[in-house]
Every structure is written in structure tokens, then in C-alpha cells.
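Chemist: Provided herewith is a single structure, encoded as C-alpha cells, for subsequent inquiry.
The values are calculated or read from the model by the stated rules, or taken from the named source; none is laboratory data. The structure presented is a predicted model; accordingly, all values stated were derived computationally and were not measured. Every residue, glycine as well, gets a Cβ built from its backbone with ideal geometry; the counts of neighbours run over all protein chains shown. Surface areas here come from the heavy atoms of the whole protein model, side chains and all, with no ligands, DNA or RNA. Shrake-Rupley method; radii C 1.70, N 1.55, O 1.52, S 1.80 Å.
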Amino acid sequence: MKPAFVFGTRPEIIKLAPVIRAFLDRGVEPLLIHTGQHYDYEMSSVFLEELEMPPIDHHLEVGSGTQAEQTGLAMIKIEKVLVDERPDVVLVQGDTNTVLAGALASVKLKIPVAHVEAGLRSFDRTMPEEINRILADHASEVLFPPTEEARKNLEREGITENVYVVGNTVVDAVLQNAEVAERKSDVLERFGLKPKEYVLITAHRAENTDRRENLERLIEILEGLPTRAVYPMHPRTRGRLEEFGLWERMASIENLTVTKPLGYLDFLKLEKNAFAIMTDSGGIQEEAIILNVPCLTLRYNTERPETVKAGGNVLVGLEKERALGYLQRLLKDGELYRKMAGAANPFGDGKAGERIAEILMGLYKEGKLKVKSSKFI
Ligand code: UD1
Ligand code: UDP
């Protein structure tokens, strides 16, 4: 069997690593195709190294651009590789432009697509990620929703065949690396942080960073933080802050350490030891509940509603009063803190990668990996 993985961004590398490893453990060597959507060392190579991934077979060097430029160029380059390599199945993960490009290029070549983390919906079609998720799901032959809730989203859209609820591979990644991170990373010492005495911040989503007024609202929240905080900053956010002339203001916030993006081991250690996390990231909302850290999400909706229902995550948007109010409550109200920190992880047992490999190998053996007609294309 010849599975191909198409990925290109930080979270895809982290969340696909356990699936790649599961194939390798079963004696199957997958083809690795990196679109190059993320290209800085600290957005890509650091994860390939830390997670001990095998060498990439095809580097496509797509880079940055508009939505269409990035997706289109990735499609063109992926298609060439797939024509040459003819894999049996193409795996994509999540909701980035790389995922859409990989899914479209493959399905049009009649190569089955397997979508890892299928069925997530924010129900907000202004997000590029929401469009990518919907289209990738409808182009896929095999779908791996992480939760029952995600499966139901697929069912509502008429997708019921070859759908397997397997958990989220983010749990596999956390379980495989948290202990190593705790042991190996000296990130707390480097930044002079004490466990449970700081807030970890990340924000990079287009809706929070592409408009000046939204970045100003983010800064106002951070200026009001009652504790130490650390913000490993995505290059998109740094770029926008500079463009809007807001970088100096962000960088001079007292008590806030702004750093470059960090490797996975450093970041996991920062998450695990944080008092609370404020983020607009999808993966970090998941990791927070897995690591028992209260999460305040700097968004107005989430495609991870399971975290909110479980009680570990609260949507605070870019509302200063609400965000800082919650943080103050967490500082004062031990019972609320324990409730949020103790919320049950809804994303499974950390064996999602193994299940995905087993299921795909089983389908392949039975001759069942074949293209189904798609509603959208
Ligand atoms: C993408 C995904 C988003 C995901 C995020 C993970 C889409 C539509 N969005 O957003 O869902 O949460 O990845 O981090 O696919 N840049 C660099 N160096 C890099 C990569 C990017 O400087 O290595 C800068 C460039 O200025 C670029 C900007 O960041 O224009 C945005 O990068 P891009 O890949 O388009 O989107 P992300 O914001 O990273
Ligand atoms: N992450 C990291 N270093 C950082 C920030 C994030 O290793 O400086 C990891 C984090 O642990 C999570 C993933 O990157 O696994 C989340 O990526 P991101 O927030 O960029 O994307 P999203 O999940 O929102 O698509």
C-alpha cells in the first residue's frame, strides 16, 4: 500500500506525525509531500526534527500569497507529484489551504482522499478555514471525524459512508510528547516563568489580525492582563502589527514577553504549566483541555464546541471586559478554576493515529479505496 500525506503548516505536521508513525510501525512507508505553506524554520522544520519525521519526499515551496494564489499553486504542484507517484490514498488533515489543494488535486485524479479531523464546523463561512473544511469533506472518500458531534455535522450534509469516529490525533501527539517536553525543555527558566503564574497567549487568525481595529482590541486586552504573560507570536500577527504601526505598542506591554514561535516541546511545556491560556488557535483549544488548563478563546465561535460544553473553554471574543473579567474570576474563584481545569477531554484516548492506519490498510486490503461522487465538484 502506498499512502501519501499532503501537509504544509505547523498544526498539520504536529497532528499528522502520529498517523505517519502508525503507518511506519505497520511496515508501510508513506510518501510525504510538504507544500511549503509554512516555510520559516520555527513554523515547519523544527517540528519535523522534534517529531523525528522521515525525510520529506517532495518539497513544493508554495509559500505565501492570496487565498487563490496559495491554493492554486499548491494544487498545480501537488497534481504533478500525484501523477508521477500514483499513491493509493491521499491523507490531509484539518482545514488549511494546503488541505483544500491536496483534496481537490487528488479527487480530480480519482485518487481517494482521506480527511483526518473531518466534520468540524464553525458555521461561519467568512472564515477561509470553514470553506476549506466543507469542500475537503465533500471531496473525501474516507472521513475521520474526531468526535460524535463532528460526525453529526457530516451526516447533516449527507456524508454517511466510510465515516469513522477515531478521536483527534492531537491527543496522540500530546501524550507522545508531553513527558519528553517536561523533561527536555528549559523554556520556563529561559523566560523566567514560574509554573501556574503566567498566562499563555496566541492569536493569529485572519479575523483577529487582518484589521487594525481588531489588533488594537487584542492589544487592549493584553495591556489589562493582571498576571505575567508570554506570547509566542505567529509571523502573520507580527507582520500585521508592523504594517499597522502597532508593533512597538505590543512589544512594550509590561509583564508580557513576546517571542518568536516556539518548537513543540517548548510550547507544550508552556501550555502545561500555564495558569490559563488565551488563544484563537484551534489546536491550542484542544491541547488546553487535554492538559487541564482553562482556556479563554479569543473568538466569537468555535468549531471545537465540545471544549465549551465540557466546561474547559469559554468564548470571550475580543471583548476586553469579558476576557479580563473571566481571568480575574479564575484568579479569585478556586472552585471555578478547578471546574475549568478539570473538564473532561472530549477528543479521545490518544490512539487515533493507529486507528486511522488500521482502517485505511483494512479498506485497501478489501479493495474498497475507491472514489465516490462528490456533491460539490
Ligand atoms: C494558516 C491556516 C490557518 C492555521 C494556520 C496555522 C489557511 C487559510 N490558514 O494560517 O487555518 O491556523 O496556518 O498556523 O490555510 N508567514 C511567515 N512565515 C511562514 C508562514 C507564514 O512569515 O513560515 C507569514 C506570511 O506573511 C504569510 C502569513 O504569515 O502571508 C500568513 O500565512 P498563511 O500560511 O497564508 O496563513 P496562516 O495565517 O499561517
Ligand atoms: N504551537 C507550537 N509553537 C507555537 C505555537 C503553537 O508548537 O509557538 C503548536 C501548538 O502546540 C499546536 C499547534 O502548534 O499543536 C497549533 O498551531 P496553530 O495555532 O498555528 O494552528 P491552528 O491549530 O489554529 O490551526
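Chemist: Given the criterion among the hydrophobic types (A, V, I, L, M, F, W, C) and assigned by TED's automatic domain parsing to the domain that holds Glu286, identify the matching residue among Ala178, Ala114, Ala203.
Modeler: Result of the check over Ala178, Ala114, Ala203: Ala203.
Chemist: Also: Only residues that are open to solvent by less than 10 Å² (accessible area, probe 1.4 Å) and in contact with a Ser or Thr (Cβ under 6 Å, 6 or more places away or on another chain): list them for segment 98-124, please.
Modeler: Thr98, Ala101, Val113, His115
Chemist: Could you look through segment 242-272, keep only residues that are touching a strand residue (DSSP E or B) at 6+ places or on another chain (Cβ under 7 Å) and β-branched (Val, Ile, Thr), and pick out the one that is nearest to Arg211 (Cα to Cα)?
Modeler: Val258
Chemist: Turning to a different aspect of this structure: Take the conditions outside the structural domain of Ile14 (by TED's automatic domain parsing) and in contact with a Cys (Cβ under 9 Å, 6 or more places away or on another chain) and apply them to Ile277. Does it pass? Break it down stepwise before answering.
Modeler: On the way: outside the structural domain of Ile14 (by TED's automatic domain parsing): yes; in contact with a Cys (Cβ under 9 Å, 6 or more places away or on another chain): yes.
Yes.
Chemist: Might you let me know whether segment 293-303 holds any residue that is within 16 Å of ligand 1 (Cβ to nearest atom) and either among the small types (Gly, Ala, Ser) or within 21 Å of Gly192 (Cβ to Cβ) (or both)?
Modeler: no
Chemist: Oh, and also: Being without any contact (Cβ under 8 Å) to a residue 12 or more places away in the chain and not assigned by TED's automatic domain parsing to the domain that holds Met250 narrows it down to one of Thr126, Thr147, Thr160, Thr96, so name that one.
Modeler: Thr160
Chemist: Which of the residues that make up segment 100-125 are within 16 Å of ligand 2 (Cβ to nearest atom) and of a type outside the set (Gly, Ala, Ser)?
Modeler: Leu100, His115, Val116, Glu117, Leu120, Arg121, Asp124
Chemist: Another question, then. Kindly establish whether Ile13 is hydrophobic (A, V, I, L, M, F, W, C), within 11 Å of ligand 2 (Cβ to nearest atom) and assigned to a helix (DSSP H, G or I).
Modeler: When the stated conditions are applied, Ile13 passes them.
Chemist: Is it the case, given these coordinates, that Arg133 is within 16 Å of ligand 2 (Cβ to nearest atom), outside the structural domain of Asn208 (by TED's automatic domain parsing) and closer than 21 Å to Leu360 by Cα?
Modeler: yes
Chemist: I've got another one for you. If a residue must be open to solvent by less than 30 Å² (accessible area, probe 1.4 Å) and closer than 12 Å to Pro346 by Cβ, how many such residues does segment 291-310 contain?
Modeler: Selection size over segment 291-310: 3.
Chemist: Can I ask one more? Among the residues of segment 244-253, count how many are away from ligand 1 (no atom under 15 Å from the Cβ), of a type outside the set (Val, Ile, Thr) and in contact (Cβ under 8 Å) with a residue 24 or more places away in the chain.
Modeler: Qualifying residue count, segment 244-253: 3.
Chemist: Could you look through segment 146-197, keep only residues that are acidic (Asp, Glu) and within 16 Å of ligand 2 (Cβ to nearest atom), and pick out the one that is nearest to the chain's Cα centre (by Cα)?
Modeler: Looking at the filtered set, the residue picked out is Asp172.
Chemist: Among the residues of segment 196-243, which ones are under 21 Å from Gly65 (Cβ atoms), in a helix (DSSP H, G or I), acidic (Asp, Glu) and in contact (Cβ under 8 Å) with a residue 12 or more places away in the chain?
Modeler: Matches in segment 196-243: Glu207 only.
Chemist: Here is a further query. Condition first: open to solvent by 90 Å² or more (accessible area, probe 1.4 Å) and either at positive phi or at pLDDT below 95 (or both). Now tell me which residues in segment 338-376 satisfy that.
Modeler: Correct list: Lys368, Lys370, Ser373, Lys375, Phe376.
Chemist: Please work out if Asp84 is modelled with pLDDT of 95 or more, closer than 21 Å to Arg355 by Cβ and open to solvent by 20 Å² or more (accessible area, probe 1.4 Å). Spell out how you get there, then give the answer.
Modeler: Working: modelled with pLDDT of 95 or more: yes; closer than 21 Å to Arg355 by Cβ: no; open to solvent by 20 Å² or more (accessible area, probe 1.4 Å): yes.
Judged against the criteria, Asp84 is not a match.
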